1. Go through region B:245-274 and count every residue that is in a loop (DSSP other than H, G, I, E, B) and either touching a His at 6+ places or on another chain (Cβ under 7 Å) or within 18 Å of B:C393 (Cα to Cα) (or both).
2. Tally up the residues in region B:142-180 that are farther than 26 Å from B:R395 by Cβ, more than 7 Å from every other protein chain (Cβ to nearest Cβ), part of a strand (DSSP E or B) and among the aliphatic types (A, V, I, L, M), please.
3. Are any residues in region B:200-218 over 12 Å from the mean Cα position of the chain (by Cα) and either in contact (Cβ under 8 Å) with a residue 24 or more places away in the chain or within 14 Å of chain A (Cβ to nearest Cβ) (or both), and if so, which ones?
4. Of all the strands (runs of 3 or more DSSP E) wholly in region A:31-133, which have at least 3 residues that are farther than 30 Å from A:F183 by Cβ and in contact (Cβ under 8 Å) with a residue 12 or more places away in the chain?
5. Could you look through region B:111-141, keep only residues that are facing another protein chain (nearest Cβ under 9 Å), in contact (Cβ under 8 Å) with a residue 24 or more places away in the chain and of a type outside the set (G, A, S), and pick out the one that is nearest to B:I55 (Cα to Cα)?
6. Which of the following residues is in a loop (DSSP other than H, G, I, E, B), within 28 Å of the chain's Cα centre (by Cα), buried (at least 23 other Cβ atoms within 10 Å of the Cβ) and of a type in the set (D, E, K, R): B:K127, B:K134?
7. Go through the residues of region A:71-91 one by one and say whether even a single one is closer than 18 Å to A:P26 by Cβ and more than 14 Å from chain B (Cβ to nearest Cβ).
Amino acid sequence: MRFHWLLPLFFLLACRPVMKKEMSGPELDFKLSEEWIYATELSGLKYNNEVITRPPGFEQLVMQLQLPEQGGLSFKKHCVYYVVPYKEKAGSLKVQELKNDSNCPDVSGDFPVFVSVQGVDQFKVSFNSFKLTMDFTLGKKPQKIEIPLPNIEAGLIHEKYRPLKEKSLVPGLKFLRLNEDTFDFASNKNLGKLSDRFSRGSAIRCHQVNKECETVGENRCDECRYGWYEVVDFQCAQGGSKFCGQNHCGEKNEPACPRGVKVVDPEDAGICQSDLEPVLNADKILVCQ
Amino acid sequence: MKNFKRFIVPVLVCAGILAGLGIFFYGQQKEGTNPDRFIQEKAALSRLIQNSSEIHRLWIEGEESREWGLIKAECLKHLGITEKFDESLLRCNPVLLQCHALFSKNLKYRMVGLEEFDNLPYRYLTKSNSSYRKLREVGVAMTIEDLQSKKRLDIFLEDQCQEVYLEERAYAYGEPVDIKDGDDFRFDNFNRHIYLDSHLVTNAEVNDWIRFGNDDFTRGLKEKTGNDLFLPATTLTYSQMENFCSFKGKQIMLAHFFDAATFLPMDLNEKIPKRNLRSPYYWTKKSSEYKSDCALIYSKDCLKKKPYQLNSIDPSWAGIRDSMGGVFEAFRNPIDPESNLKASSFYFDSKSSWHKLGFRAGWNGEGFDLRNFDFRGLNPFVAVDSFQVGFRCMREVMQ
């Protein structure tokens with residue numbers, strides 16, 4: 001009985017989870033906005049601005065977002081799951097975080113939960129004009145969350161005499177997650193060195209096209225550290241294979257520069273210095289020799 | 001009395017603990033889930049997003065922004081600029097943001113200065129100095145802080161507004177060739193998205209390379225200040241020029257693409273003409289219409305009339321500035337490597353035969369005195385210790 005005074009303390013600690021309130025609408029709004037403004041991809045959005053009513057009582061993947069980790073060197077995924085309320089089963093919204101860039105499973109798994117709220121109903125989500133909008137009721141109160149997604153692009157616009165423009169919320173503006181790792185020269189993962197040369201065999205091929213004009217493997221030219229250049233190989237309408245690095249096309253033992261597809265015969269499709277001739281190498285690339 | 005003490009002491013202790021824990025949990029709960037706090041946090045985030053749009057507007061508008069009108073005098077004084085320059089160079093230029101951070105008043109945010117770079121409020125970000133994934137463009141990264149909440153946001157402004165898209169069509173390289181002398185050297189850029197720098201690379205741009213590029217490639221280069229900031233960078237060797245362009249993921253201008261962007265097409269509607277007839281002057285289709293005009297070619301004669309500045313003449317049909325006159329311009333010429341220099345410049349008077357598109361001299365790319373150049377016997381009649389050689393970059397974009 002000497003410790004009978006500790007009883008209220010145990011009682012209080014036991015009650016703590018009960019005392020902890022559900023996440024409020026404003027908290028959910030802020031937590032998602034603060035994270036999702038950096039989203040670089042939004043996919044799997046099956047319903048656009050319609051209330052999700054089926055299947056009742058079951059969890060479903062509503063959408064997935066690709067997000068940069070702090071520093072921007074890798075990506076993670078946010079998987080958004082919704083349970084349509086059914087009888088006694090409350091509706092819920094759950095966001096799970098995948099620490100890699102793989103696709104979200106159809107139902108939530110054993111992954112860290114970023115946010116989870118119960119009592120969600122009348123949930124609808126839309127993505128228009130690069131703004132994500134979620135409308136729903138939370139504990140019968142209407143909620144609307146609007147999040148701009150400036151990092152999402154929907155293609156490029158090429159207009160004569162004009163600079164490049166992308167289709168995005170504010171063309172030319174992006175939000176980043178910088179830290180010291182972002183600027184670490186030593187850990188630069190982009191492809192190629194400045195000294196790489198096709199003629200020395202050190203240039204990295206970032207995009208390969210085969211004789212059927214199909215892309216073989218992944219196009220990684222966006223990851224070239226010092227830009228990329230195209231070579232003349234199979235005369236494909238969409239262009240030839242590409243290599244990372246400084247362009248020395250036309251020079252001795254370097255690839256011929258593309259001369260175009262409409263004003264010269266295929267045998268003249270490569271440009272070499274006037275004292276060199278374009279010759280096909282083993283990979284069917286025109287090389288100046 | 002003893003019993004009372006035995007009873008009251010634990011009760012008081014218990015009550016004290018309960019009250020303390022109650023206050024602690026209540027406070028923690030209030031801190032953690034108080035909706036007002038999140039409403040304020042979201043408002044701060046929204047303000048930062050709004051302010052980033054304003055900074056982006058300033059970035060794009062440059063000299064046409066209202067902010068430039070307000071800070072111009074202080075900015076020029078701070079930078080030590082006393083001579084006129086083409087203020088359109090302020091578009092997509094971090095120098096303007098630097099002045100905005102220093103002199104614009106009543107801002108609701110601040111641009112966070114970088115101690116390691118003399119408090120510059122930005123870094124130039126490229127794929128060569130950063131592994132940040134999925135950055136398609138190069139540009140300026142900066143951190144802004146909301147003054148009210150101290151919340152911060154990192155933003156990125158893409159550096160693409162000083163480029164022009166080269167229309168997909170058939171072009172020709174070099175000086176016009178008579179049919180009897182053989183075929184013209186024709187090429188096309190169909191299915192290719194080529195972007196050309198509209199102006200020569202400035203010293204301010206090279207400063208950013210020196211600050212944020214790999215030291216291995218910029219060793220020995222000194223940052224320029226004052227009036228030099230908006231003048232072309234003319235003291236880099238050819239390989240340094242190549243490396244500068246590579247820093248930005250580009251390549252030094254190819255001679256035949258410079259020709260494409262400067263020879264005026266006879267018929268803009270005809271994308272593949274039978275022959276690429278062309279005049280040696282970018283402003284006219286007629287070879288006979290040469291004019292000695294400083295608004296068309298900044299030649300030696302113009303030095304007496306107005307000081308040289310970048311973008312001193314009208315743009316070519318494709319939007320290329322300084323395609324004739326001014327400083328020399330170096331190219332990479334994959335067809336005739338020895339013809340890699342636009343000699344049309346202020347080193348030759350307006351009557352010089354160098355003032356023709358497609359007619360090029362040679363430069364060994366290593367030095368700047370006469371012996372490093374090949375003027376094909378048409379040497380300039382000037383006593384110059386060091387010729388000024390500018391350059392610009394170009395790139396291909398994938399769709």
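The values are calculated or read from the model by the stated rules, or taken from the named source; none is laboratory data. Predicted model, so just to flag it, every value in this text is computed and none were measured. Note that we place each Cβ from the backbone using ideal geometry, even for glycine, and neighbour counts take in every protein chain shown.
1. 4
2. Qualifying residue count, region B:142-180: 1.
3. Selection gives B:R211, B:F212, B:G213, B:N214, B:D215, B:D216, B:F217, B:T218.
4. Output list reads A:59-68, A:75-83, A:92-98, A:113-118, A:120-128.
5. Restricting to residues being facing another protein chain (nearest Cβ under 9 Å), in contact (Cβ under 8 Å) with a residue 24 or more places away in the chain and of a type outside the set (G, A, S), the top hit is B:R123.
6. The unique qualifying residue is B:K127.
7. no
This table checks each residue for (1) over 18 Å from B:Q399 (Cα atoms); (2) in contact (Cβ under 8 Å) with a residue 60 or more places away in the chain; (3) within 7 Å of chain B (Cβ to nearest Cβ); (4) touching a Pro at 6+ places or on another chain (Cβ under 9 Å).
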residue	(1), (2), (3), (4)
A:F175	yes, yes, yes, yes
A:F183	yes, no, yes, no
A:S187	yes, yes, yes, no
A:N190	yes, no, yes, no
A:R200	yes, no, no, no
A:V209	no, no, no, no
